[in-house]
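Read the structure below first, then the notes.
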Amino acid sequence: QVRLVESGGGLVQPGGSLRLSCVVSGIMFSRNTVGWYRQAPGKERELVAIITYYGSTIYQDSVKGRFAISRDNAKSATYLQMNSLKPEDTAVYYCTIRGSTEYWGQGTQVTVSS
């Protein structure tokens, strides 16, 4: 059974930073692309960033230069470092891994507000 567990969300002031973590089990982590999506209230889920098994990354334009995705294959984990956070970054953030199908975590809430 594939399981993804996110952590690290919370409330932060504009301009602040958060680091999200996602630990994956039940699948060959090192050979699969992993990523982060987010969904704000009343909006569709959108891609934030992905990282392939060989380390290539893709970012949504609105987070380029502020967010950084990484992976630690030894720990079967992926991370999303979020800097210079803005109120429009407020959303539930989901971790995914692409195996034979795409698997999703339960999500972690990020709220950017003063």
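The values are calculated or read from the model by the stated rules, or taken from the named source; none is laboratory data. Computed from a predicted structure; not experimentally measured. Please note: Cβ atoms are built from the backbone with ideal geometry, for glycine as well, and neighbour counts cover all protein chains shown. Remember, those area values only see protein heavy atoms, side chains included, never the ligands or the DNA or RNA. Shrake-Rupley method; radii C 1.70, N 1.55, O 1.52, S 1.80 Å.
Does anything in segment 90-114 have its amide N under 18 Å from the 7 Å Cα→Cβ label point of Ser17, and if so which residues?
Of the residues in segment 90-114, 111-113 have backbone N under 18 Å from the label point off Ser17.
Determine the sum of side-chain charges near Ser25: Lys and Arg each +1, Asp and Glu each -1, restricted to other residues whose C-beta is under 12 angstrom from that of Ser25.
Working: positive: Arg3, Lys75; negative: none.
Cβ neighbours under 12 Å give a net charge of +2.
Over the chain, give the accessible area per residue in Å² for a 1.4 Å probe, as an integer. Don't skip to the end; give the middle numbers.
Values: 6030 Å² over 114 residues.
Spelled out: the 1.4 Å probe surface of the chain, per residue, equals 53 Å².
Run the simple label-point estimate for Ser70 and Trp104 please: 7 Å along Cα→C-beta, distance reported in nm.
For the pair Ser70/Trp104, the computed spacing is 2.8 nm.
Read phi for every residue in segment 78-89 and hand back ³J(HN,Hα) as whole Hz from Karplus 6.51 cos²θ - 1.76 cosθ + 1.60, θ = phi - 60°, with x for Gly and Pro.
10, 10, 10, 8, 10, 10, 6, 5, 10, x, 6, 7
Stick to the Cα atoms of the chain, pair each with every other, and give me the Kirkwood hydrodynamic radius in Å at one decimal.
On the way: mean 1/r = 0.0717 Å⁻¹.
This gives a value of 14.0 Å.
With a 1.4 Å probe and all protein chains left in place, how much of the accessible area of the chain comes from carbon and sulfur atoms, in whole percent? Don't skip to the answer; put the middle values down first.
Details: 2800 of 6030 Å².
Carbon and sulfur atoms account for 46 percent of the accessible area of the chain.
Could you give the distance between the Cα centres of segment 37-94 and segment 14-33, to the whole Å?
9 Å
What's the local net charge at Asp89, with K and R +1, D and E -1, over the other residues with C-beta under 11 Å away?
Charge balance in the 11 Å sphere: +2.
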